[in-house]
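Enquirer: Below you will find the structure I want to go over with you.
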Amino acid sequence: GSEPIIGSWEPARALAMERELASMWELSFVVPPDHETLDFKFLLKPKDAETPCIIEEGPTRLLTGGMLEGDVRLANFRLNGDDELLEFRVFNKADIVSPLDLAASWRVYKENFQPSKVRGIPDISINEAPTHATEDGSGSSLELDLEHYVVPTPTAPPTEYAANLAATPASLDQPETPWTNDMLLSDGIQSPRSAAADFKDDSYHNKAMPEAAGAVAAAAVADRLHGSKEDRKLAIVLVGLPARGKTFTAVKLTRYLRWLGHETKHFNVGKYRRLKHGANQSADFFRPDNQEGIEARNEVAALAMEDMIDWMHGGGQVGIFDATNSTRKRRYMLMKMAEGNCKIIFLETICNDRNIIERNVRLKIQQSPDYADQPDYEAGLQDFLERLTNYEKVYEPVQEGSYIKMIDMVKGEGGQLQVNNISGYLPGRIVFFLVNSHLAPRPILLTRHGESLHNVRGRVGGDTVLSEDGELYSKKLANFIEKRLKNEKTATIWTSTLQRTILTATPIVGFPKVVP
């Protein structure tokens, strides 16, 4: 409870028990390992508010060190004088709880204003006789008809353009400094801005930890503690033709690294270009023989890179630099800027599937701010295809430095991942994430096991087999899986090592099964 219970019994100060099932009430509370002995009795509160509570018969119960002293006895209540005796079985479960589990439990309590149960396991439960009906007087149970279950249609993805989730350019808020191409390509590398700007990111609030709880938070802490120090400042520079999934990959990778606890920020050069030169640039702006356009695009790339370096100097760890970066000359410029500031890994996305490219092109025309003011879809499509052709004329695959190549990995099968000169803890985690990434939609179905014998008896834990209803559930589940996943050739069934989960999955055939 939230306050200690001291002194004589007062029904108004009793802790209420939550009724989780028709046959069981549960009470959960947390005590320190060296707590004083807690003496208490159970009270039975009639529904009639005018009737006084009935106090449990027998001696006072003693709780010491999280355990009930003496033999665990029945809870007896005398009703209507001495005419009727109610008996309830009492189960006691004590767990040693880590501070992280306790913090997560308390957070759930504060957010939902519901009684807290550590890891979902009640400390004390009272089991009612199984013959009693439910609270509404009905003895019937609720059954999910899996055979006629209709899978809900997935909600449409948000229409927000992925690049808009990238960092808001900080350099464009500063007074402009004349910029020339030879500032970065000369032997003496100079910054486009003479002074580093103060970095303030309101969207991320400079959090040292992601919004995780319990074991997830512990994993994030461990990841930060074991991170390789030589990779504390890391720039992941995207490379690839338009409509190859660079920005989508950048957003996913940013989210993953933040979840691990690494301060990560996504810098999209297209966002810089639109703010600096407008969002209505035609395909001519991207022609390889348009020197003015080349200078303008190199300028915004340098501004984005400088912003990322400033952010790293302010405490940032991993910057995701999102642009086509399709020529060696551009990549050389970025490598020179990174010298002495951060390590660069190029991440090249290559896609040869024309259907996927056409789909991405359509999404680009529909969602990109570059075509927000273009009412004619066909005109926008033609302009983008011309832009794509301009990039293809000068595209040079990555062959320099440290790099990762994702080749036809959109479908998650049949693709390749090539790595060169990749070492260190954090780059290894990034490679692991990319190997296991699926950029195309796929279903993930979660289910509890069928009813076990311990469920029937109202017991928590253990490793028992299924009840008759549990076996029926497993057969209906197999029928459901056969209908729902008949077109999913690569589906895999995962279970825990417990009997009840393995037996639940036994009737499911046609898919490989994994027991970790």
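The values are calculated or read from the model by the stated rules, or taken from the named source; none is laboratory data. Because the structure is predicted, anything quoted here is derived from the model rather than measured. Don't worry about glycine lacking a Cβ; one is built from the backbone with ideal geometry, like all the others, and counts go over all protein chains shown. For accessibility, only protein heavy atoms count, side chains too; no ligands or nucleic acids. Shrake-Rupley method; radii C 1.70, N 1.55, O 1.52, S 1.80 Å.
Enquirer: Exceeding 19 Å between C-alpha atoms, which entries from my cross-link table qualify? They are 252/276; 252/405; 271/405; 276/393; 405/513; 41/93.
Expert: Beyond 19 Å: 252/276; 271/405; 276/393; 405/513.
Enquirer: Residue 393: net charge of surrounding residues, Cβ under 10 Å, Lys/Arg +1, Asp/Glu -1, itself excluded?
Expert: -1
Enquirer: For the range 357-516, give the percent of accessible area contributed by carbon and sulfur heavy atoms, probe 1.4 Å, rounded to a whole number.
Expert: With neighbouring chains kept in place, the figure for the range 357-516 is 52 percent.
Enquirer: Would you kindly calculate the mean projected area, averaged across all directions, of the convex hull enclosing the Cα atoms of the range 248-392, in square nanometres?
Expert: Computing the convex hull of the Cα atoms and averaging its projections yields 9.4 nm².
Enquirer: Give me the Kirkwood hydrodynamic radius of the range 453-514 in Å, from all C-alpha pairs, to one decimal place?
Expert: 12.5 Å
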